[in-house]
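Working notes, beginning with the structure itself.
Just so you know, all these numbers are worked out from the coordinates, no wet-lab data involved. Being a predicted model, the structure only gives us computed values, none of them experimental. Note that each Cβ is placed from the backbone with ideal geometry, even for glycine, and that neighbours are counted across all protein chains shown.
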Amino acid sequence: MESPSLQVSKQNVVSKVKKPKERKIWMTFKNVYLGPIVAFIIFIALWQAIPVLLGLKHYILPKPTDVVEATIKDWDLLWPAVQITVIESVTGFLVSAVVGIFISILLASSKILERSIYPYAIILQTIPVVAVAPIVVIWFGAGFNAIVVISFLIGFFPIISNTLMGLNSVDKNMDELFTLYNASKWQRMWKLRIPAALPFIMAGLKISCTLSIVGAIVGEYVAGIGGGKGGLGYAITVAAIQVKTPYLFACGIAAAILGISFYLLVSLFSHLMLRSWHESAMKVEK
Amino acid sequence: MGVANEVVSFNHVGKTYTGGTVALSDFHLSVKEGEFLSFLGPSGCGKSTALRMVAGLGEATDGDVSVFNKKPKEMIQQTNDIAFVFQDANLLPWRNVLDNVLLPLELRGGNKKESKQTALRVLEMVGLKDHLKSYPRQLSGGMKMRVSIARALAAKPRMLLMDEPFGALDEITRQTLQMELLDIWQQENMTVLFVTHNVYEAVFLSSRIAVMSARPGRLSSLIDIDLPYPRELSVRTNPTFTEYVDLASDHLETSSDRKEIG
Ligand SMILES: Nc1ncnc2c1ncn2[C@@H]1O[C@H](COP(=O)(O)OP(=O)(O)O)[C@@H](O)[C@H]1O
Ligand SMILES: [Mg+2]
């Protein structure tokens, strides 16, 4: 998303004169969309050309056309796998959001609780979830449950640390205002700390939504399918064993599209929640 | 101490912050009901420290402060009598104008319908009846300060504490708000304690000025301003006004000279 901006600014200088009416639309198109589109076309063209020029076999580096072909041919495998991964990661994400926010509020409502547990939350966060995934499988059995738990574990900590940071980020003057009106602890929580934490919570949700997909795919690697149908992670494992490289690429691209869509969805939600007041949601104006 | 109509009493108050800064030393002052009293002094002389003590934000390390013959903390816990206006308006950005003004009433747990009527009344007083649904970021600095004042008035306080409320505003807005504040003060029969480092502002608004000096912060003199209310902007060209400004400036300078020598 960042890299094409150079290209855009160069083109800016070239064509300066244009009719004022068309100009605005053209300018937004040129400044915002043209660069990425051109970069994308060049990228695809290079990708198509390189395996041909170097004579690479399709199971080493498949061409975009090979990938499209594989996608169409194996659509009946790919589409159910995507659906399963969506269900796993959305479930994992929702559980981590609800549990994460709830636990944060609980911790933040008591200084003693927070002081004694927060350090462990930090330490736990640094444990690579892949390392504990097999334990999760032992506890929850192979398949859906274990995968959701792994996805939950990965998405959970960014939400806790962001929410806690937000709940403790209240402006000192606002805090004093609440003191002056003799606000109770829970009034302070609901009317001050939680609203003040909202931008932080949204940032946490954005991080954890993409992580929850990583979690689901990693979960499938480790926890398999446990008798049910497999998701993307399972499809990837199988395709790798069979050296179906074009299909592997299709799975990878599907996972990427999934991640991006999920991120955009959560960003939209965040924008709606914050648009009335927060600066980060204000860019759209003017 | 039993002075008639005394609403605030600073009784030889000292304040040393942890770290050793002596913000106030032997600060002794009695505020009478209905006064418009300004604390005037250079920055760092302890004006905010003194004002905040009246609202129970921070305690004296020497002597004591009483408000309506009670401890400030008790006052804010038990009554709506004290309201505080912060310099930066201090509005909640996620609440619109009306909801910001309703906040004190919500926290104190009043009847919803009455609260709304009260909020509308105070918003009308500050001329913001047409901006109920606006969010703070959509308002100018002057309008934000108006909302802040409306919020302070919402709980019908007997005393209004203001810490350099107009310090960040442009001159024209400041003058308008000064006039409006005087109107409100007279309508609502409140006592106002007002912190400023602006001599003109202090003289224009106040019935009495407490000039303070820095390091350590102490009261250096009290000046009664015998100019009649209501005061119009034209008061500023009145020779008596100019004399008061000179007098207050003199007191400010001598108190800071003292600081240089000491
Ligand atoms: N919370 C605090 N902790 C330590 N020192 C403080 C604190 N608040 C104010 N001070 C110090 O106390 C002195 C008086 O501060 P303040 O009352 O804010 O002055 P003013 O409002 O007149 O500018 C200053 O030197 C300031 O640095
Ligand atoms: Mg101050």
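Rounded, prolate or oblate: which fits region A:134-173 when a ≥ b ≥ c are the square roots of the eigenvalues of the alpha-carbon gyration tensor, with rounded for a/c under 1.5 and prolate only if a/b beats b/c? Prolate, because a/c is 1.5 or more and a/b exceeds b/c.
For chain A, rounded, prolate or oblate, judged on the Cα gyration tensor with a ≥ b ≥ c (square roots of eigenvalues), a/c < 1.5 rounded, else prolate if a/b > b/c? Cα axes put chain A in the oblate bin. On full extension, the segment bounded by residue B:254 and residue B:5 gains 86.5 nm, given 0.36 nm per residue less the C-alpha separation.
The residue among B:210, B:43, B:122 whose Cα reaches farthest toward the positive pole of the charge dipole of chain B, with charges on the beta-carbon of Lys, Arg, Asp and Glu, is B:122. If you run the Gaussian network model on chain B, springs between alpha carbon atoms under 10 Å, then out of B:159, B:145, B:179 the most flexible one is B:179. When only the Cβ of Lys, Arg, Asp and Glu is charged (+1, +1, -1, -1), the dipole of chain A relative to its Cα centre reaches about 1140 debye. Using Cβ point charges alone (K and R +1, D and E -1), the dipole size of the protein assembly as shown about the Cα centre works out to roughly 1940 debye. Here's the picture: charge each Lys and Arg Cβ at +1 and each Asp and Glu Cβ at -1 in the protein assembly as shown, and of A:225, B:142, A:140 the one pushed furthest to the positive end of that dipole is A:225. Can you give me the relative contact order of chain A as a percent, contacts being Cα pairs under 8 Å and 6 or more apart? Here the relative contact order equals 23 percent. Using a Gaussian network model on chain B with a 10 Å cutoff between Cα atoms, which of B:56, B:141, B:109 fluctuates the most? With Cα springs under 10 Å in chain B, the top fluctuation among B:56, B:141, B:109 is at B:109.
In loop segments of region B:5-55 as defined by DSSP, the chymotrypsin sites (Phe, Trp or Tyr not before Pro) with at most 15 further C-beta atoms inside 10 Å of their C-beta are B:17. Placing dummy labels 7 Å off each Cα toward the beta-carbon, the span from residue B:106 to residue B:140 is 2.8 nm. Of the DSSP H helices in chain A, those with a Cα length along their own long axis of 27 Å or more and a mean Kyte-Doolittle hydropathy reaching -0.5 comprise A:35-54, A:75-108, A:144-167, A:194-223, A:245-274. Counting only aspartates and glutamates at least 8 places from residue B:113 when in the same chain, those with an alpha carbon closer than 16 Å to its own are B:99.
If you plug the beta carbon distance of residue B:235 and residue B:168 into 1/(1 + (r/R0)^6) with R0 = 30 Å, you get a FRET efficiency near 0.80. Under a Gaussian network description of chain A, with springs only between Cα atoms under 10 Å, the residue in A:263, A:234, A:181 that fluctuates furthest is A:181.
Ranking B:93, A:27, B:193 by Cα position along the charge dipole of the protein assembly as shown, where only Lys, Arg, Asp and Glu carry charges on their C-beta atoms, puts A:27 farthest toward the positive end. When only Cα pairs below 8 angstrom with a gap of at least 6 residues are kept, region B:89-157 shows a relative contact order of 51 percent. Site pair residue A:190 and residue A:263 shows an inter-label distance of 3.6 nm when each label is modelled 7 Å from Cα along Cα→Cβ. Pairs over the 27 Å Cα-Cα cut-off, from the set A:185/B:116; A:206/B:116; A:185/A:206; A:24/B:129; A:172/B:73: A:206/B:116; A:185/A:206; A:24/B:129. Modelled spin-label separation between residue A:41 and residue B:124, with each label point placed 7 Å from Cα along the Cα-to-Cβ direction: 6.4 nm.
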